[in-house]
1. Looking for something touching a residue at least 24 places away in the same chain (Cβ under 8 Å), of a type in the set (A, V, I, L, M, F, W, C) and more than 30 Å from Gly232 (Cα to Cα) - is there at least one such residue anywhere in segment 128-144?
2. Taking the condition of being among the aliphatic types (A, V, I, L, M) and at pLDDT 95 or above, how many residues in segment 73-106 meet it?
3. Let me spell it out: the conditions are (1) of a type in the set (A, V, I, L, M, F, W, C); (2) surrounded by 18 or more Cβ atoms within 10 Å (Cβ to Cβ); (3) in contact with a Lys or Arg (Cβ under 6 Å, 6 or more places away or on another chain); (4) assigned to a strand (DSSP E or B), and Leu262 meets all of them except one. Which number is the exception?
4. Look at Val251 and say whether it is out of contact with any Pro (no Cβ under 9 Å at 6 or more places or on another chain) and surrounded by fewer than 18 Cβ atoms within 10 Å (Cβ to Cβ).
5. From Ala209, Ala288, which residue is part of a helix (DSSP H, G or I), touching a residue at least 12 places away in the same chain (Cβ under 8 Å) and more than 30 Å from Asp35 (Cβ to Cβ)?
6. Please go through segment 19-48 and give me each residue that is in a helix (DSSP H, G or I) and either in contact (Cβ under 8 Å) with a residue 40 or more places away in the chain or touching a Lys or Arg at 6+ places or on another chain (Cβ under 6 Å) (or both), ordered by number.
7. Among the residues of segment 65-102, which ones are among the β-branched types (Val, Ile, Thr), in a strand (DSSP E or B), surrounded by 14 or more Cβ atoms within 10 Å (Cβ to Cβ) and within 19 Å of the chain's Cα centre (by Cα)?
8. For segment 103-115, which positions are among the charged types (D, E, K, R) and either in a loop (DSSP other than H, G, I, E, B) or crowded, with 19+ Cβ neighbours inside 10 Å (or both)?
Amino acid sequence: MIVTVTANPSLDRTVALGEPLAVGEVQRASSGREDAGGKGVNVARAIHGAGLPVRAVLPLAADDPFRALVAATGVEVAAVPVAGRVRANITLVDPSGETTKINLPGARVSAGERESLIAGIQDAAAGAEWLVLAGSLPPGAGDDFYVDAVNAVRLSSPATRIAVDTSGAALRAVVAHAGVDLIKPNEDELAELLGEVADETTETDLVAAAVRRAQSLLPRVGSVLVTLGSRGALLVTADTVLRAHAPRIRVASTVGAGDSSLAGYLIAHTTGASAPDALARAVAYGAAAASLPGTRIPVPEDLPAGALTVETLESHRTA
């Protein structure tokens, strides 16, 4: 069982434009769709689509219309009652696949709701192989919410591996205090974590900088999965640095690509794949997501054909 947590879920509205976005102008959409979203929900949808057991924990009011949308995905949901409604995010996609996102902050959670959500995570994660804490935090949760959730799960289910996909202050708190098994930043989030800017101009420099930054986080985290968009991804551990190259695709929407990459890695890991194969699966899932419209999440049939190139960039062992 893999358990995902989405503390700040979203109803994702995606609007496809027939022409490039023209700020201040009236434009017609060529299509639109609504999906149950939020990073943890997206990860759960991909895992469910691969036929593996998964449970999604999220705060959800009894009368929230989001219930019907997430139920339609077929994912098992562990809903923690709250008063607020799930936010709506808007994504505009132009014909080239360029996306413009407008994300609302989400409803504020009370102190009692925060504690209930942590208790719900602890209960849902009992005996799980992986727990995934993913996405932004709602107002009222506090930057240390994921740290508190990790500590609670470690008490009751110490064998459960924990992955975190977030950014900013929440990610800094996790790295400093939580000791998780895996984090999954993109290159910009990784640079921000270290107070830097990912402004490298060449692919070689970008990859080298990402490796340096990721290695600086060890052993505070067990491993770092760095997604690099069209440049593939890196897996940095105490023993090795692997890079998988991305296949050529026609980009439809990059929304959910990073979530799908994390799901691909976990799908492979839980089925016994080697580290190179797990990284390749991560990149394949990310590429498949980017080739699909809106926040449609890939299933195995959507993955690009052919093997992906995975290379070892550097090997070292800690003393």
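1. Taking segment 128-144 as the starting set, the residues that turn out to be touching a residue at least 24 places away in the same chain (Cβ under 8 Å) are 128-144.
Among the residues that remain, those that are also of a type in the set (A, V, I, L, M, F, W, C) are: 128, 130-134, 137, 141.
Then keep just the ones that are more than 30 Å from Gly232 (Cα to Cα); that gives 141.
Yes, that holds for at least one residue.
2. Let us first name the residues in segment 73-106 that are among the aliphatic types (A, V, I, L, M), namely 75, 77-80, 82-83, 86, 88, 90, 92-93, 102, 104.
Narrowing the set further to residues that are at pLDDT 95 or above leaves 75, 77-80, 82-83, 86.
Selection size over segment 73-106: 8.
3. (4)
4. Details: out of contact with any Pro (no Cβ under 9 Å at 6 or more places or on another chain): yes; surrounded by fewer than 18 Cβ atoms within 10 Å (Cβ to Cβ): yes.
Yes.
5. Working: Ala288 fails: more than 30 Å from Asp35 (Cβ to Cβ).
Sole residue among the options that is part of a helix (DSSP H, G or I), touching a residue at least 12 places away in the same chain (Cβ under 8 Å) and more than 30 Å from Asp35 (Cβ to Cβ): Ala209.
6. Passing the criteria: Lys39, Gly40, Asn42, Val43, Ala44, Arg45, Ala46, Ile47.
7. Here is the first cut: in segment 65-102, the ones among the β-branched types (Val, Ile, Thr) are 70, 73, 75, 77, 80, 82, 86, 90-91, 93, 99-100, 102.
The next check asks that each one be in a strand (DSSP E or B); those that pass are 77, 80, 90-91, 93, 99-100, 102.
When the remaining residues are screened for being surrounded by 14 or more Cβ atoms within 10 Å (Cβ to Cβ), the result is 77, 80, 90-91, 93, 99.
Correct list: Val77, Ile90, Thr91, Thr99.
8. Here is the first cut: in segment 103-115, the residues among the charged types (D, E, K, R) are 108, 113-115.
Listed by number, the residues that qualify are Arg108, Glu113, Arg114.
The values are calculated or read from the model by the stated rules, or taken from the named source; none is laboratory data. Everything numeric here is computed off the predicted structure, so don't read it as measured data. With ideal geometry, Cβ positions are generated from the backbone for all residues, glycine too; neighbour counts draw on all protein chains shown.
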